[in-house]
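Here's the structure we're looking at; comments come further down.
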Amino acid sequence: MIELVQGDITKVEQIDAIVNAANSSLLGGGGVDGAIHKAAGEELLFECRLLGGCKTGQAKITKAYKLPCKRIIHTVGPVWNGGSHNEDQLLADCYINSLKLAAENQIRTIAFPSISTGIYSFPVARAAKIAVHTVDRFLKDHPECFDRVLWVLFDKNTKEAYQTEVDLIEKNLDLADSVTESRQTDIQMCACFFQSVIEQDRSAVVICNLEHEIIYMNPSAIENYRKWGGRELLGQSLLNCHNQQSRDKIEKVIEWFKTSKEHNMVYTFYNQKQNKDVYMVALRDQDRLIGYYEKHEYRNAETMKFYDLW
């Protein structure tokens, strides 16, 4: 499904949408951005003026006008600033939000440039790793959304960097196919062990994805949230169980989790009536944030401060 070509993204055909590596104004610039605006014509600029700009990592969609595709998705990549200013996550967000926007608009085929590796100076090899693995994870999580994802890359060196990452994914797939039946059984047993540990925990544990959808509640959590529906909360938003002030704080904690792989637990509340401390804990796939869980523990002289993020 993932393909790579070297060429000009403004001339690619048989693609529903192309992605523009835009600046925050969305009014055109240099590199890919300037080329897309020039090829699409002045009408694109007129539409972009109505969008009110775009934040780094986010995405917006327009018509394609004179381009051979139907739509243009504009996303703003991060400027490389040494790697300590959340650049990796912001670059991943560009791809995730572009794909989400494409899926929402029934776009089945999409072409990307190499976002942020031009005048924004993001290291090409690092950008390629983030880009290819982020898109691969999205496609695996949403297998019905896309028929074709294409990277149109400007030069040979950039194409080789992306090809290296695509080859790694294909190699990992081959390795996964070769896992023996006994190894698969071991993995399944390990998962059962972890589930058993959580289910026997007297503390309430509620696991959510990054959209706050509740995907698991242990028996203690089901009982703890009985007045909100208990087991019926599965598949619903955890935010529905909180007031607006708490919702805002939860969102702030998620943003804090994203800023560093070292940010993994926050003390959020003391329930005096039940004598329980409440925590939010990050869930990660290696270094990638994939969700969080809320845990209610019976109090034992907690010394941490509420929401001690920075």
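Just so it is clear, none of the values below were taken in a lab; they were calculated from the coordinates. Small disclaimer: the values here were computed from a predicted structure and weren't measured. Cβ: placed from backbone, ideal geometry, glycine included. Neighbour counts: every protein chain shown.
Observations
- Extent along principal axes [Cα atoms of segment 74-117; Å; largest to smallest]: 37, 16, 12
- Close Lys pairs in segment 198-298, defined as Cα atoms under 20 Å apart and 8 or more places apart or on different chains, number 13.
- Computed FRET value (nearest 0.05) for D285 with T164, which takes r as the C-beta separation and R₀ as 25 Å: 0.75
- When only alpha carbons are used to place a centre, segment 214-284 and segment 97-144 end up 30 Å from one another.
- Reported to the nearest whole Å, the Cα centre-to-centre distance from segment 76-94 to segment 1-73 is 20.
- Sorted ascending by nearby beta carbons within 10 Å, beginning with the fewest, T109, T117 become T109, T117.
- By the helix-only formula, in which each DSSP H run with n ≥ 4 contributes -39500 (n - 2.57) and the sum is divided by residues, the chain has a 222 nm mean residue ellipticity of -12500 deg cm²/dmol.
- Hull shadow area, averaged, segment 198-298 [alpha-carbon convex hull, nm²]: 6.2
- Charge context of D201, other residues only, Cβ under 15 angstrom, K/R +1, D/E -1: -2
- Charge-dipole axis of segment 2-177 as Lys and Arg at +1 and Asp and Glu at -1 on Cβ define it, positive-most pick from G29, I110, N157: G29
- For R148 and Y216, a Förster radius of 25 Å and the Cβ-Cβ distance give a FRET efficiency of 0.15, rounded to the nearest 0.05.
- Most mobile listed residue (K156, K38, K227) in the chain, GNM with C-alpha springs under 10 Å: K227
- Shown for H74, H263: other C-beta atoms within 10 Å of each C-beta, ranked fewest to most, produce the order H263, H74.
- Least to most buried among S220, S24 (fewest other Cβ within 10 Å first): S24, S220
- Helical segments meeting 20 Å axial Cα length and Kyte-Doolittle 0.0 threshold in the chain (DSSP H): 87-104, 124-141
- Cross-link partners of K156 among lysines (Cα-Cα below 26 Å; sequence separation of 8 or more within a chain): K11, K38, K129, K171
- DSSP-defined antiparallel bridges as percent of all bridges, segment 2-177, nearest 5: 20
- Antiparallel DSSP beta bridges within the chain, as percent of all bridges there, nearest 5: 65
- The label point for D155 and the one for L234, both projected 7 Å from the Cα toward the Cβ, are 5.4 nm apart.
- Alpha-carbon radius of gyration plus Dmax, which is the widest Cα pair, for the chain in Å: 22.4, 66
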